[in-house]
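Contents: one structure, followed by commentary.
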Amino acid sequence: MTETAKILVVDDESIIVTVTKLHLRAAGFRDIVGTTDPSQAMELVQQHAPDLVLLDLSMPGVSGIDILQELRTDARHAQIPVLIVTASSSAETRERALSHGAAGLLVKPVEAEDLVAAVRETLADVSVAS
């Protein structure tokens, strides 16, 4: 399932969205949607039904935690795994993300190999659980 998975990337920095998509495409993933507008995240989740969401925490207007909470309280999307990609490496940030239902956390700048490994591992965990 991994390379056929649908992935949504939400980050207010366009370079992060672009580079993330490039790394994932280089690893064989093809169905990747990205946005720099966090207010579009839930609409994109409904339109594309992603198998995985890569989500920044610190964004203007709607935070990654807001989006994560909305995903977790909506029965249609509650099981979608979310990997947080953030510049903060603090234990508090990690705990906050995980306590709100994130599957894991990657600290920016993320190396391509680490990104791809985390995406594959998370998708494999979902496949095993299904």
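Read-outs throughout are calculated quantities, based only on the coordinates presented, and are distinct from any laboratory measurement. Please read these numbers as outputs of a predicted model, since none were measured by experiment. Cβ sites come from the backbone with ideal geometry, for glycine too, and all protein chains shown count toward neighbours.
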All other residues with a Cβ under 14 Å from the Cβ of VAL9 taken together, and with Lys, Arg as +1 and Asp, Glu as -1, what is their net charge? -2
Treating only the Cα positions of the range 12-64 as identical point scatterers, give the base-10 log of I(q)/I(0) from the Debye formula at each q in 0.22, 0.23, 0.24 Å⁻¹. -0.87, -0.94, -1.01
Give me the one-decimal nm value for the distance between modelled label points at GLU3 and LEU22, 7 Å along each residue's Cα-to-Cβ direction. 2.1
Where Rh is the Kirkwood radius over the Cα pairs of the range 83-130, the temperature 10 °C and the viscosity 1.306 mPa s, what D in µm²/s does Stokes-Einstein return? 140
So if the hydrodynamic radius of the chain is defined as the Kirkwood radius over C-alpha pairs, what does Stokes-Einstein give as its diffusion coefficient at 37 °C and 0.692 mPa s, in µm² per second? 229
May I ask you to evaluate 6.51 cos²θ - 1.76 cosθ + 1.60, the Karplus curve with θ = phi - 60°, for each residue of the range 73-90 and list the ³J(HN,Hα) values in order in whole Hz, giving x for glycine and proline? 9, 9, 4, 5, 10, 4, 8, 5, x, 10, 9, 7, 10, 9, 7, 8, 10, 6
Rg over Rh [alpha-carbon atoms, Kirkwood Rh] for the range 30-92: 0.94
If you average the C-alpha positions of the range 24-38 and of the range 99-130 separately, how far apart do those two centres end up, in angstrom? 14
Dipole of the chain, positive end: most advanced residue of THR35, LEU123, HIS100 [Cβ charges, Cα centre]: LEU123
